[in-house]
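Data first, discussion second: the structure below is written as structure tokens.
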Ligand code: F6R
């Protein structure tokens with residue numbers, strides 16, 4: 001695991017965007033696995049800047065996203081589909097038909113999850129998967145559990161996740177209670193994983209992710225078994241790893 005320490009959110013976003021841009025440059029028909037949430041917003045801004053400089057071309061890139069709320073239309077401004085258009089797709093020359101997310105408006109959970117998993121397989125798998133991390137160690141919407149889910153599936157969101165996401169909705173009661181998410185197996189099949197984290201409140205879970213017991217109670221801990229993971233964090237999110245395992249950090 002490579003852990004890159006950056007000074008602040010801006011530097012973190014630049015570094016993460018550079019890593020994604022490198023994949024786009026080296027494999028112009030590659031598959032990017034993308035994430036929503038607050039943390040990657042800066043990464044997408046920086047990636048758009050790199051695109052505007054003419055350094056990268058998205059015309060043959062495909063993307064798939066980690067997850068989507070269930071029971072929400074694409075046009076809803078809280079859907080992850082909307083988020084991706086707003087924060088990335090509408091600013092670069094990606095073909096809309098080359099982008100895919102689980103379809104939250106499809107009530108057939110088994111059918112939608114099977115379609116999505118088959119789609120990822122038909123693209124030849126994910127070249128780089130971008131991840132944020134929840135306070136409980138969730139990646140995608142793989143919440144603490146007694147097992148690691150192998151494939152895309154439908155989940156009930158934990159109250160901690162509903163509360164954390166309530167800031168985007170009128171109230172916690174309006175946050176959808178279910179989501180479709182890639183499984184841990186889907187994420188672990190990506191050739192590279194890039195995890196971004198910012199802020200003091202992520203310091204403990206990052207420490208557990210990197211050095212804790214590998215357990216489905218902390219789903220992100222499975223990343224210890226992936227052969228190509230890079231974590232890019234700011235000083236606050238990496239503070240506990242820096243204090244306990246400074247030798248793990250690259251600058
Ligand atoms: C988003 C996702 C989630 C977030 C996580 C962290 O697609 O799958 O796992 O990455 O909840 O969210 P932020 O970045 O808002 O702290």
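Descriptive notes on the structure:
- Panel order for 113, 154, by other beta carbons found within 10 Å of each beta carbon, from fewest to most: 154, 113.
- Bins of 5 Å from zero: percent of alpha-carbon pairs in the chain: 1, 6, 14, 19, 20, 18, 13, 6, 1, 0
- For the pair residue 247 and residue 172 in one chain, pulling the backbone fully straight at 0.36 nm per residue adds 22.9 nm over the alpha carbon distance.
- Over the stretch 9-63 - Rg/Rh using Cα atoms and the Kirkwood inverse-distance radius: 0.95
- Relative contact order (%) - criterion: Cα under 8 Å, at least six apart; region: the stretch 91-162: 27 percent
- Computed [θ] at 222 nm, deg cm²/dmol, the chain (DSSP H ≥ 4; -39,500 (n - 2.57); rounded to nearest 500): -9500 deg cm²/dmol
- Histogram of C-alpha separations across the stretch 47-112, 5 Å bin width, %: 3, 17, 25, 22, 15, 10, 5, 2, 1
- Kirkwood Rh and Cα Rg combined as Rg/Rh, the stretch 207-251: 0.95
- Sorted by Cβ neighbour density within 10 Å, fewest at the top, the residues 231, 249: 249, 231
- With the convex hull constructed from alpha-carbon coordinates only, the stretch 164-251 shows a mean projected area of 7.0 nm² over all directions.
- Dividing the C-alpha radius of gyration of the stretch 15-134 by 2.2 N^0.38 Å, with N its residue count, gives 1.02.
- For the stretch 140-189, the Kirkwood radius over C-alpha pairs fed into Stokes-Einstein at 10 °C and 1.306 mPa s yields D = 138 µm² per second.
- Distance between the stretch 166-235 and the stretch 1-55 - C-alpha centres, whole angstrom: 17 Å
- Each of 115, 167, 70 was scored by other Cβ atoms within 10 Å of its Cβ. Listed from fewest to most, they are 167, 115, 70.
- At q = 0.15, 0.16, 0.18 Å⁻¹ the log10 of I(q)/I(0) for the stretch 106-200 amounts to -0.66, -0.75, -0.92, computed by Debye summation with a single uniform scatterer per C-alpha, solvent ignored.
Taken together, the values in this text are just the output of simple stated rules run on the coordinates, not laboratory data. It should be emphasised that the depicted structure is a prediction, and the values quoted were computed from it without experimental measurement. We place every Cβ from the backbone using ideal geometry, glycine too, and count neighbours over all the protein chains shown.
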